[in-house]
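The values are calculated or read from the model by the stated rules, or taken from the named source; none is laboratory data. Given the structure is predicted, the values throughout are model-derived calculations rather than measurements. Here the Cβ positions follow ideal geometry from the backbone for every residue, glycine too, while neighbour counts run over all protein chains shown. Heavy atoms of the whole protein, side chains included, go into the accessibility calculation; ligands, DNA and RNA do not. Shrake-Rupley method; radii C 1.70, N 1.55, O 1.52, S 1.80 Å.
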Amino acid sequence: MDNDDRTYTAFVGTRLLVSGSLRSVVPRTKEHLDRGEAQPLLIFDDQTGQQVELDLRGTVEEVLARHAPTPPRTGPGRPKLGVVSREVSLLPRHWEWLEQQPSGASAALRRLVEEASKKSPGKERARLMRDATYKIMSAMAGNLPGFEEASRALFAKDHPRFEALIRDWPEDIRNHLAQKVEQCARLEEE
């Protein structure tokens with residue numbers, strides 16, 4: 001996913017402050033911090049569930065410039081095409097098989113990745129969304145009653161049970177997680 005398409009969600013305590021693109025999240029979070037509010041602020045990357053640390057010093061434009069997408073690394077290969085060089089660890093038999101492939105090891109690996117990514121794209125995206133939802137849920141609700149059972153229901157894809165288990169959680173957390181679970185269900189149907 002392109003960094004321009006990424007979405008983020010910021011929580012102040014248990015209250016959802018803002019959700020959207022970085023361009024929409026930065027001004028609201030910066031405004032919150034500039035007011036000197038004491039409640040903790042957590043920002044999540046919606047695609048991965050990872051907490052995001054934003055350097056909010058300076059103007060909104062300075063913050064956005066600081067967090068602009070970085071161009072891909074260049075190195076061996078075809079950087080103009082967006083090819084990025086990274087290390088891969090394989091067993092000797094895998095390297096032997098790759099060396100026998102027409103067009104070389106890199107081309108064979110790209111073909112394998114393309115084939116695998118086309119098999120069940122909806123299910124794979126749903127799995128990634130479920131993992132991201134769990135990470136957000138762990139950070140925001142890990143100490144709330146029923147967390148373990150709700151986690152099991154999330155991964156069992158038992159959405160009615162999940163919603164029943166989080167019913168008494170703070171409203172913004174509950175609504176955000178329920179929305180993510182609905183997204184997972186839609187992706188699995190694709």
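Computed over the Cα atoms of segment 1-64, what is the convex hull's projected area averaged over all directions, in nm²?
4.1 nm²
Restricting to Cα atoms and excluding each atom paired with itself, what does the Kirkwood estimate give for segment 123-190 in Å?
This gives a value of 11.6 Å.
Please report the base-10 log of the normalised intensity I(q)/I(0) for segment 45-190, using a Debye sum with one equal scatterer per alpha carbon and no solvent, at each q in 0.12, 0.17 (1/Å).
-0.78, -1.02
Give, in nm to one decimal, the length gained when the segment between Glu171 and Trp95 is fully stretched (0.36 nm per residue of separation minus the Cα-Cα distance).
22.1 nm
Modelling each spin label as a point 7 Å along the Cα-to-Cβ direction, I'd like the Arg23/Glu124 distance in nm, to one decimal.
Here the answer is 2.9 nm between the modelled labels.
For the chain, what is the number of Lys pairs with C-alpha distance below 30 angstrom, counting only pairs 8 or more positions apart or on separate chains?
Close lysine pairs found across the chain: 16.
How much of the accessible area of the chain, probe 1.4 Å, is carbon plus sulfur, in whole percent?
Carbon and sulfur atoms account for 51 percent of the accessible area of the chain.
Would you mind getting the accessible area per residue of segment 15-170, heavy atoms of the protein chains only, 1.4 Å probe, in Å²?
Spelled out: the 1.4 Å probe surface of segment 15-170, per residue, equals 67 Å².
In deg cm²/dmol, rounded to 500, what helix-only [θ] at 222 nm does the chain give when every DSSP H run of at least 4 residues adds -39500 (n - 2.57) and the total is split over its residues?
-16500 deg cm²/dmol
Please compute the modelled spin-label separation between Leu64 and Arg15, points set 7 Å along Cα→Cβ, answer in nm with one decimal.
It works out to 2.5 nm between the two label points.
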